[in-house]
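Below: one structure, written as structure tokens.
The values are calculated or read from the model by the stated rules, or taken from the named source; none is laboratory data. What you are looking at is a predicted structure, and each value in this text was computed from that prediction instead of being measured. Here the Cβ positions follow ideal geometry from the backbone for every residue, glycine too, while neighbour counts run over all protein chains shown.
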Amino acid sequence: MAISAGLGRVFNVIHQASGVNVPLTQGTAVSFVSFLDAGTQALAITQTDSKGVLSEIDLNGDFYAYKGPGVGGTWSVLTDTTTDNDVVNADATNDCVVITVKADLLTNGYDRVKCTAATGTCIAIIHDLLTQRKPSNLRSSLTA
């Protein structure tokens, strides 16, 4: 079986990613996708250490946040409600948020990223994979 068009070649997915430490050792970036149909989305982004030596810390704004309609449409930068590690979105029209963190933006010694959604859903897409494999041969997306 050949490597699939996307899964295993370009990306890996964690569907229920809120509060999960996502290693950036198998890909060069992770994008968290969050959706909330009504209300205010609140997401906290932190970096962690898979060895358990370093304390969990903020990302200091070293990520990219965009908002857009959950049904598709135009994306815009989400800047006015983004702090060092928190993203808040109260836009009823642009109810989907995508936050991308690149591995090279992590502080030395840190190799995982965690997005905790106080509200809404949270899916992690690990992309720009370092090793391409067919989906059945992918390593666990939770292993550093």
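Does Gly109 count as in a loop (DSSP other than H, G, I, E, B) and closer than 14 Å to Asp37 by Cα? When the stated conditions are applied, Gly109 does not pass them.
Residues in region 42-79 that are among the charged types (D, E, K, R), surrounded by 12 or more Cβ atoms within 10 Å (Cβ to Cβ) and not in a strand (DSSP E or B): Asp49, Glu56, Asp62. The set of residues in region 130-144 that are surrounded by 10 or more Cβ atoms within 10 Å (Cβ to Cβ), in a loop (DSSP other than H, G, I, E, B) and not small (Gly, Ala, Ser) comprises Leu130, Thr131, Gln132, Arg133, Lys134, Leu138, Arg139, Leu142.
If you go through region 61-78 one residue at a time, do you hit one that is of a type in the set (S, T, N, Q) and either free of Cβ contacts under 8 Å to residues at least 12 places away in the same chain or farther than 18 Å from Asp104 by Cα (or both)?
Taking region 61-78 first, the residues of a type in the set (S, T, N, Q) are 74, 76.
Next, from what is left, pick out any that are either free of Cβ contacts under 8 Å to residues at least 12 places away in the same chain or farther than 18 Å from Asp104 by Cα (or both): 74, 76.
Yes - at least one qualifying residue is present in region 61-78.
Does any residue in region 82-94 that is farther than 12 Å from Thr46 by Cβ and in a loop (DSSP other than H, G, I, E, B) come within less than 8 Å, Cβ to Cβ, of a residue that is hydroxyl-bearing (Ser, Thr, Tyr) and at pLDDT below 90 six or more places away or on a different chain, and which pairs are these? Listed pairs, sorted by first residue: Ala90/Thr81.
Of the residues making up region 80-95, at least one is of a type outside the set (D, E, K, R), within 15 Å of Leu36 (Cα to Cα) and either crowded, with 20+ Cβ neighbours inside 10 Å or modelled with pLDDT under 90 (or both).
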